[in-house]
Structure formats: structure tokens, C-alpha cells
Amino acid sequence: MKLDEFADYLKSQVADHVESVCSAAVKSVLQTTPADRVKTRQAIRLQMKGTRGTVGLRFRTRYPTRGTTTLRRLESQWKALRPRLRQAFIKRLNDTLKGR
């Protein structure tokens, strides 16, 4: 495999890994959000742009977010989730580089 072919392969694999890790993040945030927070559960979104994924809340209406319980809940969920997602992504990337 030539270098340019490997670069294209690696880029596509990274995009797939980012998408799968971000999807897992969305599922985890959805599972840890209480059922009575209907609008918050509906607002959980994943946005992919190339090899970059964004997980967040997208409400139809703009709400002030400073100091809200929704913001604090999302921050605590993210702090607990981020290290696991990082390790999962690193493991998948290492497996790709090793040819597994």
C-alpha cells in the first residue's frame, strides 16, 4: 500500500471511529438524562463534519444557559463520559494502525 492510499484509508477509518464514539456518547447522555426531562432528551444531537464530531444539545428555542440545571447536568455527564470516550477512540485508532 502506497503512502497516499494509506493516508486515505486512515482518514476514512478515523472518521468511522469518531462517528461510532460520538454515537456512543449520544446514547450514554440519553440514558443518563431523566425521563421527565423530555425537551432535553429530544435536544441531544450529534453533528459530524469530516473527522470531527460534536455532541450537544440543540433546542428549537434559545434559552439562557448560564447556571441552569440542564447545563450543570450536561457538564457532569460529559466529565464522567469524556475519559471513557477518549480511551475507546485511542484503542480503536491503535487497532487500525496495527492492522486489526
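The values are calculated or read from the model by the stated rules, or taken from the named source; none is laboratory data. Remember, it's a predicted structure, so these values are computed and weren't measured experimentally. Here Cβ is always computed from backbone atoms with ideal geometry, including for glycine, and neighbour counts include all displayed protein chains. What goes into the accessible areas is simple: the full protein's heavy atoms, side chains included, and nothing from ligands, DNA or RNA. Shrake-Rupley method; radii C 1.70, N 1.55, O 1.52, S 1.80 Å.
Looking only at segment 30-54, count every residue that is out of contact with any Phe, Trp or Tyr (no Cβ under 8 Å at 6 or more places or on another chain) and either in contact (Cβ under 8 Å) with a residue 12 or more places away in the chain or surrounded by 12 or more Cβ atoms within 10 Å (Cβ to Cβ) (or both) and tell me the total.
Taking segment 30-54 first, the residues out of contact with any Phe, Trp or Tyr (no Cβ under 8 Å at 6 or more places or on another chain) are 30-38, 40-42, 44-54.
Pick out the ones that are also either in contact (Cβ under 8 Å) with a residue 12 or more places away in the chain or surrounded by 12 or more Cβ atoms within 10 Å (Cβ to Cβ) (or both) and you get 30, 32-33, 37, 40-42, 44-46, 48, 50-54.
Residues in segment 30-54 being out of contact with any Phe, Trp or Tyr (no Cβ under 8 Å at 6 or more places or on another chain) and either in contact (Cβ under 8 Å) with a residue 12 or more places away in the chain or surrounded by 12 or more Cβ atoms within 10 Å (Cβ to Cβ) (or both): 16 in total.
Mind checking whether some residue in segment 57-71 is surrounded by fewer than 13 Cβ atoms within 10 Å (Cβ to Cβ), under 30 Å from Asp8 (Cα atoms) and in contact (Cβ under 8 Å) with a residue 12 or more places away in the chain? The answer is no; no qualifying residue exists. May I ask you to list the residues in segment 1-25 that are within 15 Å of Gly50 (Cα to Cα), of a type in the set (A, V, I, L, M) and open to solvent by less than 50 Å² (accessible area, probe 1.4 Å)? Hits for segment 1-25 are Leu10, Val14, Ala15, Val18, Val21. Only residues that are under 24 Å from Thr40 (Cβ atoms), open to solvent by 60 Å² or more (accessible area, probe 1.4 Å) and polar (S, T, N, Q) were counted in segment 72-100, giving 1.
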